[in-house]
Amino acid sequence: MPRSRRPSGQTLNLLRSLIEEPKQWRHGYELSKATELMSGTLYPILMRLSERGLLEHKWVPPEEGGRLPRHVYRLTAKGLSHAKEQIELCAATHATSGRPLRHA
């Protein structure tokens, strides 16, 4: 049976970033800059979301010679639905608790 616990603040931060342009492929460095998450936090989250079918990922060849291929990510349809649900749930929970909602 899959776990049904709330995502961490870091995961919500990543989902908020991905939901801004859900059809666009984004590489890890770009996501790290957008979310201010360090690679040791970001990549395990990306792997978990991918394993759960919430993200799709692929390798993209370099645009310039001499560079390495990049791993890029984007939300699946299931991931988009999940992201919206979790962000709304977080907002609703914070609205009823009286605590301010943190976005970083």
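Filter the stretch 1-29 down to the residues that are farther than 17 Å from E88 by Cβ and touching a strand residue (DSSP E or B) at 6+ places or on another chain (Cβ under 9 Å) and list them by number. Listed by number, the residues that qualify are E21, K23, Q24, W25, R26, H27, G28, Y29. Apart from one condition, G65 fits all of (1) outside any helix (DSSP H, G or I); (2) within 18 Å of P22 (Cβ to Cβ); the exception is (2).
Do we find that K23 is part of a helix (DSSP H, G or I), loosely packed, with under 12 Cβ neighbours inside 10 Å and either over 11 Å from the mean Cα position of the chain (by Cα) or of a type outside the set (V, I, T) (or both) in this structure? Here the answer is no, as K23 does not meet what is asked.
Restricting attention to the stretch 28-56, report how many residues are farther than 18 Å from Q10 by Cβ and of a type outside the set (D, E, K, R). So the count comes out to 1. Set side by side, the residues Q86, Q10 differ, and just one is touching a residue at least 60 places away in the same chain (Cβ under 8 Å), surrounded by 15 or more Cβ atoms within 10 Å (Cβ to Cβ) and either outside any loop (DSSP other than H, G, I, E, B) or over 11 Å from the mean Cα position of the chain (by Cα) (or both), which is Q86. Of the residues examined, L37 is not one that is closer than 26 Å to T93 by Cβ, outside any loop (DSSP other than H, G, I, E, B) and either of a type outside the set (V, I, T) or modelled with pLDDT of 95 or more (or both). Of all residues in the stretch 68-83, those being in a loop (DSSP other than H, G, I, E, B) and either under 16 Å from G9 (Cβ atoms) or of a type in the set (D, E) (or both) number 0.
The values are calculated or read from the model by the stated rules, or taken from the named source; none is laboratory data. Quick caveat: nothing in here was measured; it's all calculated off a predicted structure. Quick reminder, even Gly has a Cβ in these numbers, built from the backbone with ideal geometry, and neighbours come from all protein chains shown.
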